[in-house]
Amino acid sequence: MQVDVITIFPKMFAPVVGESILKRAQECGAVRIDVHDLRSYTHDKRKTVDDRPYGGGPGMVLKPEPVFEAVEAVEMKRHGRAKAAAKLSFAKASEQRRRECEIILMSPGGIRLTQTVAAQLSRLTHLMILCGHYEGVDERIRQALVDREVSIGDYVLTGGELPAMVLIDTVVRLIPGVVGHPQSTHDESFAKDLLEYPHYTRPPVFRGMAVPEALRCGDHQRVATWRSLQAVARTSRQ
Ligand code: ADE
């Protein structure tokens, strides 16, 4: 999978995408993550990316010109001139292209990021993520470029960078081969609408707290039953 991020704070990403599973996923070729500085697509001395909203009101709005230029530059690089041209004429992506590539705007007003959404996105070959800022983005960006808006929860962050990192993390670990044992992404919380059962490791007794006998008995059927019951109990307590 190719992931392109368009942001005004590119340096925020290196510490997150350069560690742990995201780092390994890039090293083994499962994903390539490129972060692009939106300000490189401005043409004035001050590298302006925002402007006051028409009609007045508080805050600033992300300008369309640098965002369109950044998206077009990435499209040109990844999909060649023909497909990028479709965007240049402001046509929405063809269905075929849409199935392979999505342009996502991180925004508190978007659809909620769930495990189901992450699983859908993990099947794409190309994700382009726009990090929103200020009061929002010029509506023409939404109309002509964005396939879907995604929110990581009902709260407002200072920008789309942290949400973009959350999205990348949750999507990349679902790409086959990225997480060691495929069973671990299948078993975990939310994958089956149940929270995950409790885990224990050694020692068998720690500060007076013992590992449940059912897990130590070596009977696989008993372990499976215990885990199912615990998962249901945890979910119903939520
Ligand atoms: N930008 C600001 N807040 C956000 C949120 N909750 N989700 C996605 N993008 C955001």
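Quick look at the values:
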read-out: Relative contact order (percent, whole number), the chain, Cα cutoff 8 Å, 6+ residue spacing; value: 20 percent
read-out: Stretch in the chain that is longest and holds no chymotrypsin sites (Phe, Trp or Tyr not before Pro) that DSSP places in a loop and that have at most 10 other beta carbons within 10 Å; value: 55-154
read-out: Of the DSSP H helices in the chain, those whose Cα atoms cover at least 15 Å axially and whose Kyte score averages -1.0 or more; value: 64-88, 161-172, 220-237
read-out: Residues TYR155 and GLN221, FRET efficiency given R0 of 45 Å [Cβ-Cβ distance, rounded to 0.05]; value: 0.55
read-out: Surface accessible to a 1.4 Å probe, GLU19 within the full protein complex, Å²; value: 110 Å²
read-out: Cα pair distances exceeding 17 angstrom across segment 124-214, given as percent; value: 68 percent
read-out: Highest-MSF residue in the chain out of LEU157, LEU130, LEU38 [GNM, Cα springs under 10 Å]; value: LEU157
read-out: Relative contact order (%) - criterion: Cα under 8 Å, at least six apart; region: segment 194-236; value: 59 percent
read-out: Inter-label distance, nm, simple model (7 Å from Cα along the C-beta direction), ARG207/ILE175; value: 4.0 nm
read-out: Portion, in percent, of the accessible area of the chain that falls on carbon or sulfur, probe 1.4 Å; value: 54 percent
read-out: Selection of trypsin sites (Lys or Arg not before Pro), segment 178-238, meeting DSSP coil and at most 15 other Cβ within 10 Å; value: LYS192, ARG207
read-out: 25 °C / 0.890 mPa s Stokes-Einstein diffusion coefficient of the chain, Kirkwood radius on C-alpha pairs, µm²/s; value: 121 µm²/s
read-out: Test item: Cα-centred dipole of the chain, Lys/Arg +1 and Asp/Glu -1 on Cβ, debye; value: 400 debye
read-out: Positive-end extreme of charge dipole, segment 194-236 - chosen from VAL232, PHE206, HIS220 (charges on Cβ); value: PHE206
read-out: Surface per residue (accessible, 1.4 Å probe) for the chain, Å²; value: 59 Å²
read-out: FRET E, pair ALA73, VAL232, Förster distance 35 Å, beta-carbon r, rounded to 0.05; value: 0.10
read-out: Neighbour-limited loop hits for trypsin sites (Lys or Arg not before Pro), segment 1-80 (at most 16 other Cβ within 10 Å; DSSP other than H, G, I, E, B); value: LYS45, ARG46, LYS47
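The values are calculated or read from the model by the stated rules, or taken from the named source; none is laboratory data. What you are looking at is a predicted structure, and each value in this text was computed from that prediction instead of being measured. All Cβ positions, glycine included, derive from the backbone under ideal geometry; neighbour counts span all protein chains shown. Quick note on the areas: whole protein, heavy atoms, side chains included, nothing else; ligands and nucleic acids left out. Shrake-Rupley method; radii C 1.70, N 1.55, O 1.52, S 1.80 Å.
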